[in-house]
Amino acid sequence: MLYLLLAKLSGGSLWDMLLFFLCTAAYLYFPGRFFAWISGMEKQIPNFASPLAILFGTGFLAALYCFCERLGFLWAVRLLPPVLGLIWILFAARLDVKKVQAHLRTNAAVQCILVLWAGLLVLFALMVTVKNAHPTVAGEILPNQDVLWNIGNAESFHLAFPPQDIRFSQVRLAYHYLTELTVGALSFVSGISCYDIFVIYIGPVVLAALLCCLYQMGTHFYQGNRDKALLFTFSMFLFNCASLWTALLNGKGVFNNTNMLHLITNVNSQSTALIFISVFLVLFQHLAEAHFQVGIRFLATFLCSFFLVCFAKGPAAAIVACSFAITMLFLLFRKPKWGKALLCYGGVIAIFLTIYFVIFSSGVNTSVHFGFETIKNMPPYQWLGALGLADNHWLRLLLGGLLALVCMQPFQIPLYLNGLGKDVRTLFKLPAERLLANGVVAGGFLAFFLFWHPSYSQLYFALVAIFFLNLLAVDQIDQVRGILKKITIVGGILGLATTVVLVINFTGSGMRQLGRNLDIIPKYPYVSTVRAGDEEAMIWMRENTEQDAVFATNRIHTMANTNDGISSIYSALSGRQAYMEGYTYAITNMGVSEKVVSEKRAVNEALFSAQTTGEQISQLCKENGIDYLVYSTQYEGDTEQLSGFPCVFSNEDVEIYKIS
């Protein structure tokens, strides 16, 4: 009820929420169950039907939408998934409402997960929905630029396929955009804006899917031990780092473990990635146990799961692919079905390399750097310097990294170390899933400490490692003894205490923003915000301009007094292509050169300069395909030079001029 209230106060519609949930079921879950049934996969992997449905449903909807968008057969997107879902309901569904109710009443694990889901839902509403409420409802907000970036990506799929970067024209969108693509498809079939889906309605769906996949994957990994599966599911949220009170002010702490924050607020990529990694891991476990003697449909499902991992989160897929490659070297000596084992091996590597070189490589090659900045910026490195190791560079780096790792996961590390010795001793007989998990833990943390990205994206290497670290750690919960047990208890207390501090921060910051939205407390005097007038102008753009219209704007930075080149507001709210609304992410994610950015910035500055004549503006817009100029009164720029063009929309915050 609290989530519903917060959604309503932030501009959501209860009818649209219900419609979105129904569309998710009709266009994603039920078609997914159809493919899980028709392929026979739900029989080959018992008690895993829902995760398989998420895999098949997402993959089918995304592929269908891309295909139909490209060829112009969008009517098929509206028609085909519900038809397949209806076939499953009529011929395969076995739903006994009374049995389901009895199961929910008697299954303690399900009840615990529902309680966790409800709590996470409230935190999602406070951290995402309230903080990105509609400006027309809240008056003005300072939205999260990353959320707006994701919304813009989803909107770009409404314009064309392959999509352009909606914030930077003539550049292909090169990004792990699975969730944005799926949201774009669901927005198309439901008629609900991508903004509302991302900010208000997607949280319950993705968090429910995540908890379902974590728990059901855990039951397979722990060989049916549901208690460990439940503890693993909770450990992903409850046992955090050792930051304690330092997390109170910033909601992150000092040890860079933002796993809980990302799982709640970054549902578009981190949560989605763990959903498909969970499915991939279970499929791989069953493949290895069967020595790869499975049918072609099983192999195709396995490769499909990794394909979706790649498009859900590229950094996570990179670490999983590396660990998988090493794990397969061990498995090839265990007399598997050679042809199918090599097909899996080659298939996973081929998928990753193809996607890397075709989609990801440009941004990665220009923005990821090798170095030790991550370790140097963490407190343990500073502590060791103060203790007299300032001159011993390499020892300080090594010890600093190890101490940082312990502080990031104080509960999990002792448990993991308790089982590591046995895993090493039985390395050549170790189950495939444990080989893979250990490889991701080692590779993920190494990559986190050895690479640096301007947007701190190396963090995602650590987050996928944390997932597998929790998985292996929980398996030792009933086997740890002696001093390690005492250390584990202390680490657990630290992790739980930090979680309490984080929840206080999340709740407090969300409630403070809610008070501002409702004018209970004064709004913070930011230099620039997204105001009701901004949203009204972009609604006008969406409703009164051609879908392929291109606009330029003087609002290209987060704040009017910054020069960060990050802005995704107008493209996200209008769903229209920007000439250059921001440029930093075009450099770091798309691999755009500084030269191209400089050229576009020069054009953009000329468009909003009084020194430019009307004739020159017409020529510049014609050369660059610009149809509208959007002037924000909060940002620097002139409008005298635009007097010869019709002002088609105007309020105190925005003026829109039609050029062609």
Among the residues of the range 240-294, count how many are within 26 Å of Arg334 (Cβ to Cβ) and more than 21 Å from the chain's Cα centre (by Cα).
13
Every listed condition ((1) more than 18 Å from Glu655 (Cβ to Cβ); (2) among the acidic types (Asp, Glu); (3) modelled with pLDDT of 90 or more) holds for Glu594 save (3)
Would you confirm whether or not the range 156-175 contains a residue that is open to solvent by less than 10 Å² (accessible area, probe 1.4 Å), at pLDDT 85 or above and part of a helix (DSSP H, G or I)?
yes
Looking at (1) under 19 Å from Val137 (Cα atoms); (2) of a type in the set (D, E, K, R); (3) surrounded by 22 or more Cβ atoms within 10 Å (Cβ to Cβ), which one does Glu536 not meet, given that it meets all the others?
(3)
Going through the range 12-44 one residue at a time, which ones are in contact (Cβ under 8 Å) with a residue 24 or more places away in the chain and among the acidic types (Asp, Glu)?
Asp16
Can you find even one residue in the range 612-619 that is among the hydroxyl-bearing types (Ser, Thr, Tyr), open to solvent by less than 60 Å² (accessible area, probe 1.4 Å), in contact with a Phe, Trp or Tyr (Cβ under 9 Å, 6 or more places away or on another chain) and not in a loop (DSSP other than H, G, I, E, B)?
yes
Any residue that is closer than 16 Å to Leu120 by Cα, open to solvent by less than 10 Å² (accessible area, probe 1.4 Å) and not in a loop (DSSP other than H, G, I, E, B) - is there at least one of those in the range 178-195?
no
Which residue, of Ala312, Ala325, Ala317, is open to solvent by less than 10 Å² (accessible area, probe 1.4 Å), aliphatic (A, V, I, L, M) and either over 24 Å from Val267 (Cα atoms) or at pLDDT below 90 (or both)?
Ala312
Filter the range 485-506 down to residues that are within 21 Å of Ala118 (Cα to Cα) and aliphatic (A, V, I, L, M) and give me whichever is least open to solvent (accessible area, probe 1.4 Å).
Leu502
Residue ID - surrounded by the most Cβ atoms within 10 Å (Cβ to Cβ), chosen from residues in the range 507-525 that are closer than 26 Å to Gly119 by Cα and hydroxyl-bearing (Ser, Thr, Tyr):
Ser509
Looking for whichever is of a type in the set (A, V, I, L, M, F, W, C), assigned to a helix (DSSP H, G or I), open to solvent by less than 10 Å² (accessible area, probe 1.4 Å) and under 30 Å from Ile192 (Cβ atoms) here; the options are Ala552, Ala572. Which one fits?
Ala572
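Let's see how each residue does on (1) in contact with a Gly (Cβ under 6 Å, 6 or more places away or on another chain); (2) over 16 Å from Arg576 (Cα atoms); (3) touching a residue at least 40 places away in the same chain (Cβ under 8 Å):
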{"site": "Leu620", "(1), (2), (3)": "no, yes, no"}
{"site": "Gly625", "(1), (2), (3)": "no, no, yes"}
{"site": "Ser632", "(1), (2), (3)": "no, yes, yes"}
{"site": "Thr639", "(1), (2), (3)": "no, yes, no"}
{"site": "Leu642", "(1), (2), (3)": "no, yes, no"}
{"site": "Phe645", "(1), (2), (3)": "no, yes, no"}
{"site": "Ser650", "(1), (2), (3)": "no, yes, no"}
{"site": "Ile656", "(1), (2), (3)": "no, no, yes"}
{"site": "Ile659", "(1), (2), (3)": "no, no, yes"}
Suppose the filter is in a loop (DSSP other than H, G, I, E, B), open to solvent by less than 20 Å² (accessible area, probe 1.4 Å) and in contact (Cβ under 8 Å) with a residue 40 or more places away in the chain; does Asn150 pass it?
no
When Ala288 is run through (1) surrounded by fewer than 18 Cβ atoms within 10 Å (Cβ to Cβ); (2) within 16 Å of Pro431 (Cβ to Cβ), the failure sits at (1)
Can you tell me which residue in the range 77-93 is nearest to Val183 (Cα to Cα), limited to those that are part of a helix (DSSP H, G or I) and open to solvent by less than 60 Å² (accessible area, probe 1.4 Å)?
Val77
When the range 514-549 is checked residue by residue, the ones that are touching a residue at least 60 places away in the same chain (Cβ under 8 Å), assigned to a helix (DSSP H, G or I) and farther than 22 Å from Gln145 by Cα are Asn544
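The values are calculated or read from the model by the stated rules, or taken from the named source; none is laboratory data. What you are looking at is a predicted structure, and each value in this text was computed from that prediction instead of being measured. Cβ coordinates were reconstructed from backbone atoms using ideal geometry, including for glycine residues, and neighbour counts include every protein chain displayed. Only protein heavy atoms, including side chains, enter the accessible area calculation; ligands, DNA and RNA are left aside. Shrake-Rupley method; radii C 1.70, N 1.55, O 1.52, S 1.80 Å.
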